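Asker: For reference, the structure I am asking about is given below.
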There are 2 protein chains.
Amino acid sequence: MTVPAPAADGLPTRVRIHEVGARDGLQNEKATVPTEVKAEFVRRLADAGLTTIEATSFVHPKWVPQLADAEALFPQVADLPVDLPVLVPNERGLDRALALGARRVAVFASATESFAKANLNRTVDEALAMFDPVVTRAKADGVQVRGYLSMCFGDPWEGPVPLPQVVRVCRALLDMGCDELSLGDTIGVATPGHVQALLTALNEAGVPTPALGVHFHDTYGQALANTLAALRHGVTTVDASAGGLGGCPYAKSATGNLATEDLVWMLRGLGIDTGVDLGRLVATSAWMADHLGRPSPSRTVRALSHKEQ
Amino acid sequence: MTVPAPAADGLPTRVRIHEVGARDGLQNEKATVPTEVKAEFVRRLADAGLTTIEATSFVHPKWVPQLADAEALFPQVADLPVDLPVLVPNERGLDRALALGARRVAVFASATESFAKANLNRTVDEALAMFDPVVTRAKADGVQVRGYLSMCFGDPWEGPVPLPQVVRVCRALLDMGCDELSLGDTIGVATPGHVQALLTALNEAGVPTPALGVHFHDTYGQALANTLAALRHGVTTVDASAGGLGGCPYAKSATGNLATEDLVWMLRGLGIDTGVDLGRLVATSAWMADHLGRPSPSRTVRALSHKEQ
């Protein structure tokens, strides 16, 4: 169905989707996907019009066995005419990424002490100190750096996260040299007013909106409403995971990544350009769901796949 | 987790949830639920703080066998201190409802000819003519009347529905005497700009916002973002289905009713009062999901139920 695109007051005309399915998605799936399938997945995502595709992670395989094939995968997709950021946890990871010619990297910080301890076994400041040489060296090499920030809204141990606490870590990441931040609602508890409040607090602290991306989870179904609030604030970089990978609704451990297709459906309806061909993207996610042996958690993928049958 | 409630500019301070799970939800479930379980369900919904609970339908049992027990059910819940609207398709249905003491009824119109034909076997105007004596007689009896309007945004056969077409049927229902309309996105294709455009067009045609409720489906995951757009426009009546009943994600026929819990999570986060106790509501939907023998499609129900285990 062709969807009408009524004038959407105060919204951007174009949004860049930062596609995280191949990294954030697959690292949270139980099944380990063969390297060739991952490479085909990234190629299909590029073919569907996505221009920023996070390809893999150079975290130690002990922590993320699903992405242990980073060295084998990256060269298979490096020639694609798209941006292919990769996650690097430390200098060792950066070395591995640079050796393969990666031109965009991302570090993964936490806004809360509890999650920094649980995920990185460090305090927030110790983690920032670990990232400092990574960012400095990457920038010296002309490599773009994204700073992920987890638990920007709520934390499973600490509850709601105070805005000044998030602002402080954002400032530290930008001062370190990060080109862009991704504000993560890792446990999916945020609501639109909270999103608006955080973005405003960041602006008041001198952080410009163009440096901010948003990364919402659908754990409580709030991701698109939160995205709408961020768009109204002027945000034009939105993270999403093709087919909702990493957020399987059938597992108790569902992280609930926002599905790229659900996002594209909304943006298309709002008349906001993304460059994405929704039909190709749905076909890609349906194909990956087959590989994983379970239906996609994306509502749009389910609706459009059923229609085709 | 206690969720902060930052000031939400331009949003209402209170929203009335029109709970449709017992009617719209159960009539779309495959399993037929025993009358005693339905009555217990309605009682639990009232106990959770919902104040408008659509109880059942007086459609001929041939069309909706799941609700064939309307006569047996209604007296079991009639004493609850909440509003209990019931669906009446025609004068025969109205007679049945009035005989049981119903004080609120609803008629079910279509904005498109294709759906009027498919659902009511009438043209749009023939259906309106059928409702006219229903509304007139109900109003003469002091009974409040809600007018549902299906396919206000997209239609599976006709595609996008022109705004003037929707406005015309809305005007006809209000002129007939309906106290309130429920604008239905029956196939879930709407996006926030389209919602804003329809509400604006209705205002321009003299329809005041307080007469409008919204009824969104999550078929493409858009229901909460659309709700946010409606709230920003001043809408304060929102339809939702406890546990997402009627929108099973495991069935191809998923209609995708917005889950009341996902709505309450957002409204609570926005500092908007609903009077609903989310914990009790989640427990009720988890209990009903057990009766139906499958998990709730509500993301919030799944997230909070898992947490409790």
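Values quoted throughout were computed directly from the atomic coordinates according to the rules given, and no laboratory measurement underlies them. Not measured: the values here are computed from a predicted model. Neighbour counts are summed over all protein chains in view; Cβ atoms, including those assigned to glycine, are modelled from backbone coordinates with ideal geometry.
Asker: List the relative contact order of region A:110-229 as a percent without decimals, with contacts defined as Cα pairs under 8 Å and 6+ residues apart.
Answerer: Numbers: 186 pairs, mean separation 29.7, N = 120.
For region A:110-229, the relative contact order is 25 percent.
Asker: Can you list the copy-to-copy distances for B:S114, using a point 7 angstrom from Cα toward Cβ, in nanometres, shortest first?
Answerer: Copy-to-copy label distances for B:S114: 5.0 nm.
Asker: A further question follows. Under 12 Å from the Cα of A:K38, which aspartates and glutamates turn up, not counting those fewer than eight places away in the same chain?
Answerer: In chain and number order, the partners are A:E54, A:D69.
Asker: Taking each label point as 7 Å beyond Cα in the direction of the beta carbon, state the distances from A:P210 to the same residue in the other copies, shortest first, in nm.
Answerer: Result, one decimal in nm: 4.6.
Asker: Which chain A residue puts its Cβ closest to the axis that rotates A onto B, and at what distance in whole Å?
Answerer: So the closest residue, with its distance, comes out as A:A225, 2.
Asker: Note down the nm distance, to one decimal, between modelled labels 7 Å out along Cα→Cβ at B:A99 and at A:E158.
Answerer: Here the modelled spin labels are 6.4 nm apart.
Asker: Further, regarding this structure: Could you tell me the center-to-center distance, by alpha carbons, between region B:130-189 and region A:116-164 in angstrom?
Answerer: Answer, in whole Å: 52.
Asker: Where nothing but the Cβ of Lys and Arg (+1) and of Asp and Glu (-1) is charged, how large is the charge dipole of chain B around its Cα centre, in debye to the nearest 20?
Answerer: Numbers: 27 positive and 34 negative charges, 60 e Å.
Once rounded to the nearest 20, the dipole reads 280 debye.
Asker: So if we plug the beta-carbon distance of B:A31 and A:A211 into 1/(1 + (r/R0)^6) with R0 = 45 Å, what FRET efficiency do we get, rounded to 0.05? Intermediate results must be reported in sequence, preceding the final value.
Answerer: Values: r = 51 Å, r/R0 = 1.14.
Computed FRET efficiency for B:A31 and A:A211: 0.30.
Asker: Can you divide the C-alpha Rg of the protein assembly as shown by 2.2 N^0.38 Å and report the result to two decimal places? It would help to have the intermediate numbers written out before the result.
Answerer: Working: Rg = 24.9 Å, N = 618, 2.2 N^0.38 = 25.3 Å.
Relative to the 2.2 N^0.38 Å estimate, the protein assembly as shown comes out at 0.98.
Asker: I'd like the mean, over residues of B:117-125, of how many other protein chain beta carbons sit within 10 Å of each residue's own Cβ.
Answerer: Values: counts 0, 0, 0, 0, 0, 0, 0, 0, 0.
Partner Cβ neighbours, averaged per residue: 0.
Asker: Report, in debye and to the nearest 20, how large the dipole of region A:64-141 comes out about its Cα centre when Lys and Arg carry +1 and Asp and Glu carry -1 on their Cβ.
Answerer: Values: 8 positive and 11 negative charges, 9 e Å.
That gives region A:64-141 a dipole magnitude of about 40 debye.
Asker: At A:P65, with labels set 7 Å past Cα in the Cβ direction, how many nm apart are the copies from this one, shortest first?
Answerer: In nanometres, ordered from closest: 4.9.
Asker: Now a separate question. When you look at the Cβ of every residue in B:193-202, what mean number of other chain Cβ atoms sits within 10 Å?
Answerer: Mean partner-chain Cβ count within 10 Å for B:193-202: 4.
Asker: Within a 10 angstrom radius of each residue's Cβ in A:266-276, how many Cβ atoms of other chains show up on average? Whole number is fine. Before the final figure, lay out the partial values.
Answerer: Details: counts 9, 1, 1, 14, 7, 3, 2, 0, 0, 0, 0.
For peptide A:266-276, the averaged partner shielding equals 3.
Asker: Right, something else. Hey, got the Cα dimensions of chain B along the principal axes, in Å, largest first?
Answerer: Sorted from largest, the Cα extents of chain B read 52, 44, 37 Å.
Asker: Per DSSP H run of at least 4 residues, take -39500 (n - 2.57); add these up for chain B, divide by its residues and hand me the 222 nm value, nearest 500 deg cm²/dmol.
Answerer: Details: 10 runs with 120 residues, N = 309.
Dividing the helical sum by the residues of chain B leaves -12000 deg cm²/dmol.
Asker: How are the alpha carbon pair distances in region A:90-248 distributed across 5 Å bins from zero to the largest one, expressed in percent?
Answerer: It works out to 2, 9, 19, 22, 21, 16, 9, 3, 0, in whole percents.
Asker: Right, something else. Suppose each label sits 7 Å from its Cα in the direction of the beta carbon; what would the B:D175-A:D273 distance come out to in nanometres?
Answerer: Here the modelled spin labels are 4.3 nm apart.
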